[in-house]
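Q: The structure's right below; bear with me while I get my questions together.
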Amino acid sequence: MTQPATDGPLLLQMSGIGKSFFGVPVLSDVDFELRAGEVHAVLGENGAGKSTLMKILSGAYRPDAGTITFQGRPVTFRHPRDAQLTGISIIYQEFNLLPERTVAQNIFLGREPRRGPIVDRAAMDAATSRLLAQVDPSGTIAPNNLVKQLSVAQQQTVEIAKALSFDSRILIMDEPTAPLSPHEVEALFAQVRLLQKKGMGIVYISHRLREVFEVAGRVTVLKDGRKVATVAVAQTEMTALVRMMVGRALEDYFPPHATQEELGDVLLAVRGGNVTGRLHDIGFEVRAGEILGIGGLAGSGRSGLAEALFGVDPFDSGTIELGGKPVHIRSPRQAVRRSVGFLTEDRKLEGLVLSLSIRNNMLLAMRGMGRLLDSRLPHPVSVRELAASVDLRATSLDQEVRFVSGGNQQKVVLSKWLATRSRVFIFDEPTRGIDVGAKAGIHDLMRSLARKGAAIIMVSSELPELLGMSDRILVMRNGSIAGELPAGAAEDEVMFMATGEKSALSA
Amino acid sequence: MIALILTQARTKLGHFGHRVLTAASTPIFIVLGVIYLLASVVISVANQGTLLSLDALDTIMSRSVGLGIVAMGQTVALVVGSIDLSVAYLISVGAVYSSAIMQNDPNRMVIGVLAVLAIGALVGLANGLVITKLRVNAFVATLGMSFILSGVLNASFQNYSGAVPDQFQTLAYGYIGPVRVPFILLAAVVLGVWILLRYTTLGHHLYAVGGNEEAARLSGIRSHRVIITAHVICSITAVLTGLYLAARIKAGAPWIGPDSHYDLESIAAVVVGGTALSGGRGGVWGTVAGVMILFVLDTSFNSLQVNEFLQNVARGLIIIGAVAAYTYREHRRRR
Amino acid sequence: MTGKTSAPIDRVSMEVTETSTWLRILRAARDTTPIFLILLALLVAIHIQSPAYNLVSIFKNGAPLAILAAGQLFVIVSGEFDLSVGSLITVVVTMSASISKGDPDKTLMVFGVMILLGIAVGLVNGLVVTRLHVPSFVATLGMMLILLGGVNYITGGTPLGDLPSNFRTFGRDEIKNFPVLGTLPNSIIVLIVAGVVMYWLLHRANFGRQIYAVGGNARAADLAGIDVAGVRTLAFIVSALSAVVAGILLGGYAGVSVQVGKGYEFQAISAAFIGGAALTGGRGSVAAAIAGGLTMQALFALLNVLGYPQELRDTVQGVIVIAAVAYASYRFRRAS
């Protein structure tokens, strides 16, 4: 059931918002507005700028450019507290609650009603009860419950009550349904409708399209830090939105796909792979020289698959065969020793040791494989040649890797796996956070790796990259493989498999 | 006596924060009870004396007072997510400077007490500032402070110096009605800290900063002030213990604090009682139980003439075991 | 949408410039130099104040602390603390005396036993930290209490027996008629040997590289296939073994006493920090840690020579530790 856009008064207007970090623009010229009583969704893939925009609105960041007007008055926030007191509250995905304190204590944190130096618990509990009554009519939450004893959905309700306690006019919800069961999602939507009736404006950030259609009146799509469009939900449909989120200019070039002759033996085969609660009945093969793309919407299990293959979150049942031989991969250490390499989604947090030099990061996995009391590596490695083979741009190999650009950092991570002579490479979002110019470099490297006989599994949320680079595509949905597509497939086919919905627009 | 406290505590528990203590401290009371009973049985079998005699109880309580007072301060420090390793030498400061200033003169009692409290507050302030403004981690900062104090104390006083007047010794040996003064002192400190932690705004903020400093600051709480205040409170309880010890043995010497391992024992008592090293939870009653467990064990060992090896092993194992158990529970929950 | 042929990539000549070995040495020196300069300044100050003072004795007496500091560095780089080393030293000294009872033929066996003990202690520390997830501060604190109890058990309060002279020679004796210096204390030789071994372990061997990775970003290290728990445990073993060596030296010139190791763990941690180790792990060098230990010894000697009471050593140490960590914390925040 879609909600019509309301005609309520304009609560908020953000114009021309821009923000950069360390010289890298994260938001450029973004406009956003919100009316009283409406739910306005914000869509975009990871890295599109959604959370930065919301952090600016909630006062955690100051914008480099642009203005914010709230109820007709221009505002500047120096601290999240300013935004809160003005009437804008945000509920983060990780919640900002203290688990060891009660509901009442959390809601009134820093503003405890007091009589002298003593906290007036009775008043605090009473006020909390009144707030809870508005969002939890069935009364399952009591003011003196400890937050850690509440379910996730109940904790979220507490956050909403907290926002109400500030007399907020605007509530920002960041991926609110991520940890909820379908039943709890319905309860959340009911709460949202309640808030709408009170005249609050809700900003709803999500990547779950179906929910957006159910609860939002308007939706704004962000991509690469820019606003793509703002449309009324009633006047659009899913595939159009997906296209807006991940489509790229047609000028992008990709290296040619592998021909049949260039494909070699099956290097990796998975059968019947299951990870309880995450993956179901996974089975596929990858050959030498092949780039297998893994597509699907966020939360469909793409990263889960990568992590299962590398032993981070291993399969509970099923088999993995490398080079025809069955293997057990139950830890990253085992995967590395079997010549598998994994370039993670978040290279700064998981792929690099930022305080170490480029040289030491390149040799990280080799050192792990080397004998402890030996200064030699299992096989000799020339870091100079490695750097040359990935076309690394840096002033010195002894430079700390934190000072190098994103694209070059990714090359360092790749070198790490080239050094160990990996045969199977898993790339999770290979070009995320890398500027356009450098992306092509990474793509070329991937193709030439494949040509040299490696098998590559590439998880990507960027449709053009997925379609342009993959020799075959597996599309995931809800933890299983929804289907397989050949190279040259159309975007619509991918999206159909990913969402399970046909587009009304395609013939 | 102990039964009295236990029932008193339990009634209070029953009314408020019942769930708080269900999670953290109540198991400790059960452990305490079990250990106590086991120990008394073993001792009355092995010895003539029994732990349950009033005399024995009296002894335990007197020795617990010193540790109990400083453990209350340490509780405050741990709740806010910090720690104070300088308490041992602060206790010595309290003992030494009070006897040195009082010089056996009853007219100088008040001056002595005030001066010592002032020094304690200053040291606590210094600890807090080094931690918050210089951004030195609490372990290193208070450890460094303990070295600083140690040097100054040992350089200035080689032995017992001065004396506290006889009147002052009522702090250790006097009675108010049927109850010994030290017990009243301990009860006052325990109640004071309990009220602080449970009922005051500062108490709420201590838990908040300890639980998640960032979240607390986002809510407008001045976390630095809260941490500094916690350290001042902790230091004051330490010098209070020093004053008490000086009252007990008539004079103070620099080794009083460190010799009885008050720093580690106070942390052990707090941690065993359920207050997490990471901060944000736990409280006074758990620490009370922790103190009592440690001393029941001590007394049992002494009565049974268990040698120091086993005593220290037991202490070490208990600390590790308690922390491991609590950490393990947290890990289970996270998964 | 099919992929089109890629635009030709212009392979620009590689802009990576390789740095010469000399440059790398100089750069390392620049990062660690402050502590060496401070040490030098202190030695000069002592000499000025009291020309008769035998500077070599600073190195002789400071060798145990320097070795201990270097061992502690392994644990600190991996992101942990080891508070058990001081009491381990005491155990080594008292147990060696009890076992050997002054008999020189037993010395070799005693060394063997002590090494095994060190390995066992380090292993237990490591397992408690990595498997039981107990914070290292608490785990090694517990170990310290257990070891102290062990000492009392063995000695019953008063130390038994003597150490044989071939045991004590390492810490006590000197090679006479040595060119330039006059005499060369054995402990300095031990320090040099231990220093070279630990330098090699931390800065050249794969083990050391892995420690830096684990201390810098344990998650990335794990994903690169490094056995994080094993590396941490081995770091504790190195620390414990360094305590064994330090104990042998200390027993040598200080003799047997129940107080011999008292406070050494904190001195070692302070020395490592002064030498540039970072609280959060991932930084520090063996040479600088050794220099840190020697610097502290020199500082104490200077205080002595200036006539300050022995007790003020502690105060000075406290101030130094706080200052060193505050400075390191400041630099860390500037950099990020």
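Q: Here are A:Gly488, A:Gly483: which of them is outside any helix (DSSP H, G or I), over 22 Å from A:Lys223 (Cβ atoms) and modelled with pLDDT of 90 or more?
A: Values: A:Gly488 fails: modelled with pLDDT of 90 or more.
Answer to the selection: A:Gly483.
Q: Please indicate, with yes or no, whether at least one residue in the stretch A:116-130 is within 10 Å of another protein chain (Cβ to nearest Cβ), charged (D, E, K, R) and on the phi < 0 side of the Ramachandran plot.
A: yes
Q: Let me ask something else about it. Which condition breaks for C:Arg333 when tested against (1) among the charged types (D, E, K, R); (2) in a helix (DSSP H, G or I); (3) within 14 Å of chain B (Cβ to nearest Cβ); (4) touching a residue at least 24 places away in the same chain (Cβ under 8 Å)?
A: (4)
Q: I would also like to ask the following. Looking at the structure I just gave you, is B:Tyr207 of a type in the set (Ser, Thr, Tyr) and over 13 Å from the mean Cα position of the chain (by Cα)?
A: Yes: the conditions hold for B:Tyr207.
Q: So which residues in the stretch A:198-207 are in a loop (DSSP other than H, G, I, E, B) and crowded, with 18+ Cβ neighbours inside 10 Å?
A: Correct list: A:Met200, A:Ser206, A:His207.
Q: Okay, moving on. Filter the stretch C:266-277 down to the residues that are crowded, with 24+ Cβ neighbours inside 10 Å, in a helix (DSSP H, G or I) and of a type in the set (A, V, I, L, M, F, W, C) and list them by number.
A: Selection gives C:Ala268, C:Ile269, C:Ala271, C:Ala272, C:Phe273, C:Ile274.
Q: Considering each of C:Arg172, C:Arg219, C:Arg168, C:Arg232 in turn, give the residue that is under 19 Å from the mean Cα position of the chain (by Cα) and of a type outside the set (A, V, I, L, M).
A: C:Arg232
Q: To continue, here is another question. Hey, A:Ala190 hits all of (1) surrounded by 21 or more Cβ atoms within 10 Å (Cβ to Cβ); (2) closer than 30 Å to A:Ala133 by Cβ but one; which does it fall short on?
A: Only one criterion is unmet by A:Ala190, namely (1).
Q: Okay, next question. Can you tell me which residue among C:Thr183, C:Thr169 is touching a residue at least 40 places away in the same chain (Cβ under 8 Å), out of contact with any Lys or Arg (no Cβ under 6 Å at 6 or more places or on another chain) and over 30 Å from A:Leu309 (Cβ atoms)?
A: When all the criteria are applied, what remains is C:Thr169.
Q: With respect to the numbered conditions (1) over 17 Å from the mean Cα position of the chain (by Cα); (2) farther than 30 Å from A:Pro378 by Cα, which one is the sole condition not fulfilled by C:Ala120?
A: Evaluating C:Ala120 over (1) over 17 Å from the mean Cα position of the chain (by Cα); (2) farther than 30 Å from A:Pro378 by Cα leaves (2) as the failure.
Q: Here's a follow-up. Taking the stretch A:367-402, which residues are under 22 Å from C:Ala205 (Cα atoms), at the interface with another protein chain (Cβ under 7 Å from one of its Cβ atoms) and free of Cβ contacts under 8 Å to residues at least 12 places away in the same chain?
A: A:Arg367, A:Gly370, A:Arg371, A:Leu372, A:Leu373, A:Asp374, A:Ser375 - these are the residues of the stretch A:367-402 that are under 22 Å from C:Ala205 (Cα atoms), at the interface with another protein chain (Cβ under 7 Å from one of its Cβ atoms) and free of Cβ contacts under 8 Å to residues at least 12 places away in the same chain.
Q: Determine which member of the set A:Ala142, A:Ala65, A:Ala60, A:Ala104 is surrounded by fewer than 21 Cβ atoms within 10 Å (Cβ to Cβ) and farther than 30 Å from A:Gln13 by Cα.
A: Details: A:Ala65 fails: farther than 30 Å from A:Gln13 by Cα; A:Ala60 fails: farther than 30 Å from A:Gln13 by Cα; A:Ala104 fails: surrounded by fewer than 21 Cβ atoms within 10 Å (Cβ to Cβ).
Exactly one of A:Ala142, A:Ala65, A:Ala60, A:Ala104 is surrounded by fewer than 21 Cβ atoms within 10 Å (Cβ to Cβ) and farther than 30 Å from A:Gln13 by Cα, namely A:Ala142.
Q: Looking at (1) touching a residue at least 24 places away in the same chain (Cβ under 8 Å); (2) farther than 26 Å from A:Gln196 by Cβ, can you tell me which one A:Val158 breaks?
A: Of everything listed in (1) touching a residue at least 24 places away in the same chain (Cβ under 8 Å); (2) farther than 26 Å from A:Gln196 by Cβ, A:Val158 misses just condition (2).
Q: Follow-up. Might you let me know whether the stretch A:74-89 holds any residue that is facing chain B (nearest Cβ under 10 Å) and crowded, with 18+ Cβ neighbours inside 10 Å?
A: Yes, the conditions are met somewhere in the stretch A:74-89.
Q: Filter the stretch C:184-225 down to the residues that are out of contact with any helix residue (DSSP H, G or I) (no Cβ under 7 Å at 6 or more places or on another chain), over 27 Å from A:Met366 (Cα atoms) and among the β-branched types (Val, Ile, Thr), then identify the one that is nearest to the other protein chains (Cβ to nearest Cβ).
A: Only one residue fits best here, namely C:Val193.
Residue-wise test of (1) under 23 Å from B:Pro258 (Cβ atoms); (2) polar (S, T, N, Q); (3) out of contact with any strand residue (DSSP E or B) (no Cβ under 7 Å at 6 or more places or on another chain).
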position: B:Ala155; (1), (2), (3): yes, no, yes
position: B:Gln158; (1), (2), (3): yes, yes, yes
position: B:Leu197; (1), (2), (3): no, no, yes
position: B:Ala215; (1), (2), (3): no, no, yes
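Q: Now a separate question. So is C:Gln310 among the polar types (S, T, N, Q) and surrounded by fewer than 24 Cβ atoms within 10 Å (Cβ to Cβ) or not?
A: Values: among the polar types (S, T, N, Q): yes; surrounded by fewer than 24 Cβ atoms within 10 Å (Cβ to Cβ): yes.
When the stated conditions are applied, C:Gln310 passes them.
Q: Does any residue of the stretch A:243-260 turn out to be more than 13 Å from every other protein chain (Cβ to nearest Cβ), outside any helix (DSSP H, G or I) and touching a residue at least 60 places away in the same chain (Cβ under 8 Å)?
A: Checking the stretch A:243-260: not a single residue is more than 13 Å from every other protein chain (Cβ to nearest Cβ), outside any helix (DSSP H, G or I) and touching a residue at least 60 places away in the same chain (Cβ under 8 Å).
Q: Looking at this structure, is A:Glu112 within 14 Å of chain B (Cβ to nearest Cβ) and under 29 Å from the mean Cα position of the chain (by Cα)?
A: Here the answer is no, as A:Glu112 does not meet what is asked.
Q: Taking the conditions exactly as written (touching a residue at least 12 places away in the same chain (Cβ under 8 Å), under 21 Å from B:Ser98 (Cβ atoms) and either away from every other protein chain (no Cβ under 14 Å) or out of contact with any Phe, Trp or Tyr (no Cβ under 6 Å at 6 or more places or on another chain) (or both)), does B:Arg248 satisfy them or not?
A: Numbers: touching a residue at least 12 places away in the same chain (Cβ under 8 Å): yes; under 21 Å from B:Ser98 (Cβ atoms): yes; either away from every other protein chain (no Cβ under 14 Å) or out of contact with any Phe, Trp or Tyr (no Cβ under 6 Å at 6 or more places or on another chain) (or both): yes.
Yes; evaluated as a whole, the condition is true for this residue.
Q: Among the numbered criteria (1) within 14 Å of another protein chain (Cβ to nearest Cβ); (2) in contact with a Gly (Cβ under 7 Å, 6 or more places away or on another chain), which one does B:Leu143 miss?
A: (2)
Q: Which residue, of C:Gly263, C:Gly255, C:Gly251, C:Gly171, is away from chain A (no Cβ under 14 Å), farther than 27 Å from C:Leu127 by Cβ and surrounded by fewer than 24 Cβ atoms within 10 Å (Cβ to Cβ)?
A: C:Gly255
Q: If you don't mind, another one. Which of the residues spanning the stretch B:237-275 are assigned to a helix (DSSP H, G or I), among the hydrophobic types (A, V, I, L, M, F, W, C) and closer than 19 Å to B:Val164 by Cα?
A: B:Ala238, B:Val239, B:Leu240, B:Leu243, B:Leu245, B:Ala246, B:Ala247, B:Ile249, B:Ile256, listed by residue number.
Q: Sticking with this one: Just a yes or no: is a residue in the stretch B:176-190 free of Cβ contacts under 8 Å to residues at least 24 places away in the same chain and within 30 Å of A:Ala122 (Cβ to Cβ)?
A: From the stretch B:176-190, those free of Cβ contacts under 8 Å to residues at least 24 places away in the same chain are B:176-179, B:181, B:184, B:187-188; that's our starting set.
Filter once more, keeping what is within 30 Å of A:Ala122 (Cβ to Cβ): B:187-188.
Scanning the stretch B:176-190, I find at least one residue that is free of Cβ contacts under 8 Å to residues at least 24 places away in the same chain and within 30 Å of A:Ala122 (Cβ to Cβ), so the answer is yes.
Q: Quick one: in the stretch C:313-330, which of the residues that are crowded, with 21+ Cβ neighbours inside 10 Å and within 7 Å of chain B (Cβ to nearest Cβ) is farthest from C:Leu299 (Cα to Cα)?
A: Ranking the candidates gives C:Val325 first.
Q: Any chance you could count how many residues in the stretch C:129-168 are touching a helix residue (DSSP H, G or I) at 6+ places or on another chain (Cβ under 6 Å), more than 10 Å from every other protein chain (Cβ to nearest Cβ) and small (Gly, Ala, Ser)?
A: Of the residues in the stretch C:129-168, 2 are touching a helix residue (DSSP H, G or I) at 6+ places or on another chain (Cβ under 6 Å), more than 10 Å from every other protein chain (Cβ to nearest Cβ) and small (Gly, Ala, Ser).
Residue-by-condition table, conditions (1) outside any helix (DSSP H, G or I); (2) assigned by TED's automatic domain parsing to the domain that holds A:Pro464; (3) within 22 Å of the chain's Cα centre (by Cα):
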position	(1), (2), (3)
A:Pro143	yes, no, no
A:Thr157	no, no, no
A:Ala161	no, no, no
A:Phe189	no, no, no
A:Gln196	no, no, no
A:Val212	no, no, yes
A:Val221	yes, no, yes
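Q: Checking C:Ile189 against (1) over 22 Å from C:Gly255 (Cβ atoms); (2) modelled with pLDDT of 90 or more: exactly one of these is not met. Which one?
A: The one condition C:Ile189 does not meet is (1).
The values are calculated or read from the model by the stated rules, or taken from the named source; none is laboratory data. It should be emphasised that the depicted structure is a prediction, and the values quoted were computed from it without experimental measurement. When we count neighbours, we look across all protein chains shown, and the Cβ atoms used for this are built from the backbone with ideal geometry, even at glycine.
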